[in-house]
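J.: One structure, as structure tokens, below. Some questions next.
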Amino acid sequence: MSVNSPFLEAELFSVAPMVDVTNSAFRRVARVFTKRAMLYTEMIAAEALCHGKTNLIKHAGNELPCVLQLGGSDPRRLALAAKIGEDFGYSCINLNAGCPSDKVQQGRFGAVLMKDPDLIGQCVSAMMNAVSIPVSVKTRIGVDEFDNEDFTRYLIGTIFGYGCRHVIIHARKCWLEGLSPKENRTVPPLDYDRVYNLKNDFPDLNITINGGITDLCQCVIHLNHVEGVMLGRAVIDNPYLLAGVDHELFGDDAPVKSREQCFYELLDLAETFLSEGHKLQHLAIHVLNLFAGCPGARNYRRYLSEHMTQEHAGVEVLEKAYAAMQ
Ligand SMILES: Cc1cc2nc3c(=O)[nH]c(=O)nc-3n(C[C@H](O)[C@H](O)[C@H](O)COP(=O)(O)O)c2cc1C
């Protein structure tokens, strides 16, 4: 059995994989705020990569470090997709074993895999054998009727037994039927202790905790118990939160950039982005909440959302949105 242990420094803090959000444009925006955090792709179906759809995983090099998240349940296909990801320069590969959407269940991957921990183990083992970069699994504490402490220990223990040394755990179970993916992110209660307790049984396992974390103070508390924290929706709601990560969590000397400083750097990024032939809206959508909580934020957001989709929208749309706050 090969053991895959590296836990990269960046994984102290990561931004969660989110379909339709954490694409390349999002990650370029995120890099204005943090150089140190680990970023993720959206979930990419392993089958799509095996069929040559590698345009799905193109990235601008300066988005790294970044984890490619794969969905699938066929160890050989996942291994091939992982190798493609490694060749594209991704820092790590992650297997999605926690996403409960119908589409994903039909493909027999995501959260449904939790009902077959050995299959998760076989998948991750095949992926680890195919690449020389770290491979992790993202899962939850339970699924349907499998939701007690013993099950969580069995699930994680099985993955550990196959040699995987990093799991990301969303600290709530999911219901495969009866709840929408969105409800599955709010209705089942969070149980952080269930995740913390795993450290007693698996001291050599690197654990990243996820679910409901909304600020960096909470991150510090979690980091007293586990190796990494992962935030998703909090970053959508307030991308500026990322600006504090390098200083406050990674201990960098450089002071935290102001929102204004970030905004001016985003203007430069937008220039580059447009010059590459992209549309402004694909970048601007990730900064609609840049001024969340500030006076005039609503005017900024309204102006930007109304104008960013216009044909030929340029950097001036961002500038005018900013001016609308005053
Ligand atoms: C819009 C959206 C899309 C998501 N897509 C994925 C995905 O592709 N893969 C995945 O593992 N989790 C996905 N998730 C779940 C998040 O990665 C994360 O586990 C969840 O939102 C809980 O973390 P949070 O409370 O910090 O948001 C998604 C969540 C959201 C809100």
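J.: So what J values fall out for the stretch 134-145 if you push phi through Karplus, 6.51 cos²θ - 1.76 cosθ + 1.60 with θ = phi - 60°, rounded to Hz, Gly and Pro as x?
T.: So the J values, rounded to whole Hz, are x, 10, 10, 10, 10, 9, 10, 7, x, 8, 6, 7.
J.: At a Cα cut-off below 16 Å, give the lysines reachable from residue 138, other chains included and same-chain residues fewer than 8 away excluded.
T.: Residue 138 reaches 115, 173.
J.: Still on this structure, please answer the following. Can you compute 3J(HN,Hα) from phi for each residue in the stretch 315-324, using the Karplus curve 6.51 cos²θ - 1.76 cosθ + 1.60 with θ = phi - 60°, rounded to whole Hz and x for Gly and Pro?
T.: Result, rounded to whole Hz: 4, 4, 5, 5, 5, 5, 4, 5, 5, 5.
J.: Non-local amide H neighbours of residue 94 (under 5 Å, H modeled in plane, Pro and chain starts lacking H): which ones?
T.: 68, 69, 70, 136
J.: Compute the length gained on full extension between residue 200 and residue 265: take 0.36 nm times their separation in residues and subtract their Cα-Cα distance, giving the result in nm to one decimal. Intermediate values should be presented prior to the final figure.
T.: Values: separation 65, 0.36 × 65 = 23.40 nm, distance 4.42 nm.
So the extension gain works out to 19.0 nm.
J.: Hey, rough spin-label estimate for residue 215 and residue 299, points 7 angstrom out along Cα→Cβ, what's it come to in nanometres?
T.: Going from the residue 215 label point to the residue 299 one covers 2.7 nm.
J.: Something else: Would you calculate the separation in nanometres between label points at residue 253 and residue 325, each defined as 7 Å from the Cα along the Cα-to-beta-carbon direction?
T.: Between residue 253 and residue 325, the label points sit 3.0 nm apart.
J.: Contour minus end-to-end for residue 183 and residue 118, with contour as 0.36 nm per residue of separation and end-to-end as the Cα-Cα distance?
T.: Details: separation 65, 0.36 × 65 = 23.40 nm, distance 2.76 nm.
Full extension of this stretch gives 20.6 nm more.
J.: In addition: Can you list the HN-Hα couplings for the stretch 71-80, worked out from phi with the Karplus curve (6.51, -1.76, 1.60; θ = phi - 60°), rounded to whole Hz and with x for Gly and Pro?
T.: Couplings: x, x, 9, 9, x, 5, 5, 5, 5, 5 Hz.
J.: To continue, here is another question. Collect residues whose amide H, placed 1.01 Å from N in the peptide plane, falls under 5 Å from the amide H of residue 43; neighbours closer than 5 in sequence don't count.
T.: 18, 19
J.: At a Förster distance of 30 Å, what's the computed FRET efficiency of residue 35 paired with residue 224, Cβ-Cβ distance as r, to 0.05?
T.: Using R0 = 30 Å, I get an efficiency of 0.75.
J.: Report Rg(Cα)/(2.2 N^0.38 Å) for the stretch 259-323, keeping two decimals.
T.: Values: Rg = 10.9 Å, N = 65, 2.2 N^0.38 = 10.7 Å.
That works out to 1.01 for the stretch 259-323.
J.: Let me ask another. Principal axes first, then extents: for the Cα atoms of the stretch 1-117, list largest minus smallest coordinate on each axis, whole Å, largest first.
T.: Reported extents, whole Å, longest axis first: 38, 32, 25.
J.: Among 11, 183, 260, 47, rank each residue by its count of other Cβ atoms within 10 Å, from fewest to most, as a rough exposure measure. Provide the component values of the computation, followed by the final result.
T.: On the way: 11 24, 183 13, 260 10, 47 18.
By the 10 Å Cβ count, ascending, the order reads 260, 183, 47, 11.
J.: Run the paramagnetic zone check for residue 64: 7 angstrom along Cα to Cβ, then residues of the stretch 241-280 with backbone nitrogen under 19 Å.
T.: It comes to no residues whatsoever.
J.: List the residues whose amide H sits under 5 Å from the amide H of residue 229, counting only those 5 or more places along or on another chain, with H placed 1.01 Å from N in the peptide plane.
T.: Placed amide hydrogens put 13, 14, 209 under 5 Å from residue 229.
J.: Moving on. Taking a spot 7 Å from the Cα of residue 276 along the direction of its beta carbon, which residues of the stretch 46-68 have an amide N less than 12 Å from it?
T.: Hits in the stretch 46-68 for residue 276 at 12 Å: 58-64.
J.: Compute the Rg/Rh shape ratio of the stretch 160-268: radius of gyration over Kirkwood radius, all on alpha-carbon atoms. Write down the numbers at each step before the final one.
T.: Details: Rg = 16.6 Å, Rh = 15.9 Å.
Value, to two decimals: 1.04.
J.: Need the list of aspartates and glutamates near residue 279 for cross-linking: C-alpha distance under 17 angstrom, and skip anything on the same chain fewer than eight residues off.
T.: In chain and number order, the partners are 20, 268, 271, 306, 311, 316, 319.
J.: Could you run the Debye sum over the Cα atoms of the chain, one equal point scatterer each and no solvent, and tell me log10 of I(q)/I(0) at q = 0.08, 0.16 Å⁻¹, two decimals?
T.: For the requested q values the scattering log ratios are -0.37, -1.36.
Every read-out reported here was derived from the displayed coordinates using simple, explicitly stated rules and does not represent laboratory data. Worth saying up front: this structure is predicted, and the values here are computed from it rather than measured. FYI the Cβ positions are ideal-geometry reconstructions off the backbone, even for glycines, and counts take in every protein chain you see.
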